[in-house]
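Laboratory data are not the source of any read-out in this text; all were calculated from the coordinates shown. The model shown is predicted, which means the values in this text are computed figures rather than measured ones. With ideal geometry, Cβ positions are generated from the backbone for all residues, glycine too; neighbour counts draw on all protein chains shown.
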Amino acid sequence: MEHRFGMTKLNIKCPICKSGNLIFMFNIHSIPYFGEVMESTLLCEKCKFKDVDISLLENKEPRRYILEVKSEEDLFIKVAKSKEGIIKIPEIGIEIYSTIYSQGFITNVEGILERIQTALIDIKALEGINKEKIDEILKKIERMREGKERFTLIIEDKTGNSAIFSSKAKVEKLS
Ligand SMILES: [Zn+2]
């Protein structure tokens, strides 16, 4: 994967600590057969504030990507999710909606499972949560990560900035 990278200090104060200046960084990944994806990050020079978003530089349209994950090999398929992207895995009843706290990222299918696992472990620690149900889902995700359980990964994005980079993915227009 080819990279182009740049960074610049902005004359804008951090929205959180209001004292540090923001630093803007971009990283352009070019993905064979699909085009370029830009990862842009705003970072405060003083506190831990960080905001990441993803945008496709070509072929941008509101879309739904549907990928049937059938083998271990499919776990390596690259995925880009913008702040507006919504992730769904019907087999485990998981739907992750975008909020103002959402971050964009580029990862692969396994990376998404890993993020869901981490989030579920955090949720499990909360009070009044059905821990058995969460454990059941975590076990299922573990099998999915080992390529032992088939599942469907759906990503929807009304801004068109999210994608599954594989010809195996079915693409639908979002209305
Ligand atoms: Zn700050």
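Below, the figures for the structure above:
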item: Residue-span extension gain [GLU73 to GLU95] - 0.36 nm each, minus C-alpha spacing; result: 5.6 nm
item: Cα Rg, Dmax, the stretch 1-59, angstrom units; result: 13.5, 43
item: Candidates ASP135, ASP122, ASP157, ranked by Gaussian network fluctuation over the chain, Cα under 10 Å, top entry; result: ASP122
item: Two-decimal ratio, the stretch 35-175, of alpha-carbon radius of gyration to 2.2 N^0.38 Å; result: 1.08
item: Local electrostatic count at SER175 - Lys and Arg +1, Asp and Glu -1, tallied over other residues with Cβ under 12 Å; result: +1
item: C-alpha long axis of helix 131-145 to longest principal axis of the chain, angle in °; result: 80 degrees
item: Cα-centre dipole for the stretch 1-59 with unit charges at Cβ (Lys and Arg positive, Asp and Glu negative), debye to 20; result: 520 debye
item: In the stretch 57-154, the chymotrypsin sites (Phe, Trp or Tyr not before Pro) that fall in loop regions by DSSP, at most 10 other Cβ within 10 Å; result: TYR101
item: Trypsin sites (Lys or Arg not before Pro) restricted to the stretch 1-83 and DSSP loop, no more than 10 other C-beta within 10 Å; result: LYS18, LYS48
item: DSSP-loop chymotrypsin sites (Phe, Trp or Tyr not before Pro) across the stretch 11-63, with at most 12 other Cβ within 10 angstrom; result: TYR33
item: Per-pair calculated FRET efficiency, R0 = 41 Å: LYS131 and LEU57 via Cβ, rounded to 0.05; result: 0.40
item: Computed magnitude of the charge dipole of the chain (debye, nearest 20; Cβ of K, R +1, Cβ of D, E -1); result: 440 debye
item: Local net charge near ASP157, Cβ-Cβ under 10 Å (Lys/Arg +1, Asp/Glu -1); result: +3
item: Rounded if a/c under 1.5, otherwise prolate or oblate - the stretch 98-174, Cα gyration tensor axes; result: oblate
item: Top of GLY128, GLY104, GLY93 by mean-square fluctuation, Gaussian network on the chain, Cα under 10 Å; result: GLY128
